[in-house]
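Contents: one structure, followed by commentary.
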Amino acid sequence: MFRFFCTGLSIFVLFLFSCTNPSRENKSIADSTLNQSGKKYAELQLIEDFYDFGSIVQGEVVKHTFNFRNAGENVLIIKDLIPDCGCTKPMVDKTVLKSGEEGAVEVIFDSNGWQGSQYKSVTLRTNSPIREKSVTIKVNVVPPKD
């Protein structure tokens, strides 16, 4: 009985301290006012984030260019491009963009070996507060006519 009492008391004390941690509350307040205090940051703004190719014949290679801009006040750095699978190859024209500057990422999809409705994404990893944003293509791959 004493063991259960001590265990329950310990859990209650841990819960109490984790919920009323003043440093966590202060940090959260500081984080929410960070941008209001005039601190400069980069911001990836996608002009378009989805494109539908419609239907294509299996084996075709299609590509689409997605445009984006740095809507922030600091330099935007494209750190990495992460495709969903090996059938999708991304290429970016610039990896460093000044404030207001525009860039583009070209997404190339090879439909060889695929069939039916496909959704493929490429994630852009940056130095902005929202570290990752994705662009997506949709394509319906139909078998070739003999």
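The values are calculated or read from the model by the stated rules, or taken from the named source; none is laboratory data. Quick caveat: nothing in here was measured; it's all calculated off a predicted structure. All Cβ positions, glycine included, derive from the backbone under ideal geometry; neighbour counts span all protein chains shown.
Right, L124: crowded, with 16+ Cβ neighbours inside 10 Å, more than 21 Å from V61 (Cα to Cα) and under 16 Å from the mean Cα position of the chain (by Cα) or not?
On the way: crowded, with 16+ Cβ neighbours inside 10 Å: yes; more than 21 Å from V61 (Cα to Cα): yes; under 16 Å from the mean Cα position of the chain (by Cα): yes.
So L124 fits the description; yes.
Please verify whether N70 is in contact with a Lys or Arg (Cβ under 8 Å, 6 or more places away or on another chain), more than 11 Å from L124 (Cβ to Cβ) and at pLDDT 95 or above, treating the condition exactly as stated. I'd like the intermediate steps shown before the answer.
Details: in contact with a Lys or Arg (Cβ under 8 Å, 6 or more places away or on another chain): yes; more than 11 Å from L124 (Cβ to Cβ): yes; at pLDDT 95 or above: yes.
Taking the combined requirement at face value, the residue satisfies it.
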